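The structure under discussion appears below in the form of structure tokens.
The values are calculated or read from the model by the stated rules, or taken from the named source; none is laboratory data. Everything numeric in this text was worked out from a predicted model, so none of it was measured. Every residue, glycine as well, gets a Cβ built from its backbone with ideal geometry; the counts of neighbours run over all protein chains shown. Side chains are part of the model used for accessible areas, which takes the heavy atoms of the whole protein and leaves out ligands, DNA and RNA. Shrake-Rupley method; radii C 1.70, N 1.55, O 1.52, S 1.80 Å.
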Amino acid sequence: MRIIYWSDYACPFCYIGETILRKAFSELGTDEKLELVMKSFELDPTASRKVASTTPERFAHKYGLTHSQALARIEAISRMGQSAGIDFRYSTTRYTSTLDAHRLTKLAQDKYSNDTAEKLTGRLFAAYFTDNQELANYDVLMRAGLDAGMNEADIDAVLSSDMYEADVRNDENEAYSQGVHAVPFFVVAGKYSIPGASPLDDMKEVLRKGLHVPAMSCGPEGCRLS
């Protein structure tokens, strides 16, 4: 099953949503292979390449919260990530531009296998939310690419230029043209959508539609496929 989704590496719900989606697919017990294809969607295309503030400071400013209120909201999101099985450390993330991370992903999708691209995506999410590294940092991106099995020269060629920036912008323009203004946004089998980090059972229901797998419903008279 092929699922296209718009996402950003600095988006907590994107990491959580993808993790829940994988779990939902696994629990369906299908023999089909899951193919996830990420499309770029920067939460803030104007973000600095250097860390300008802490995550609590950004939250407080963006949502008009006190510092303690911002921390409480961040910790609630962290608990959500942890309950999904992620070593999630949101309050200490180091926010920067994610453009280069998206450009590196485009390289992986263009010249490598989908497995490599998915592996890179996992490493970049973990670099930000678990290791609290800066995703605009050359060394961080190089290490993620190498860990995913990419070639050093290929990675350097992208990070030392503006290669694939147009592809990132095209993804974002495509999202806007389709009315996608928040991420994550998953499109299953080309026709079923899952907005946000939906609950596990809701994701299973949509995935079943994409797989044409009947759902099991149970009542006083027993269980049946519906």
Could you tell me what percent of the accessible area of segment 1-93 is made up of carbon and sulfur, with a 1.4 Å probe and every protein chain present?
51
Sort 61, 102, 67 from largest to smallest accessible area, using a 1.4 Å probe on the heavy atoms of the protein chains.
61, 67, 102
Percent of C-alpha pairs per 5 Å bin, the chain, short to long
1, 7, 13, 17, 19, 16, 12, 7, 4, 2, 1, 0, 0, 0
Mean residue ellipticity at 222 nm from the helices of the chain, using -39,500 (n - 2.57) per DSSP H segment of n ≥ 4 over the full residue count, to the nearest 500 deg cm²/dmol?
-16000 deg cm²/dmol
Per residue, how many Å² of accessible area does the chain show with a 1.4 Å probe?
49
With +1 on each Lys and Arg Cβ and -1 on each Asp and Glu Cβ, and nothing else charged, work out how big the dipole of the chain is about its Cα centre, in Debye to the nearest 20.
540
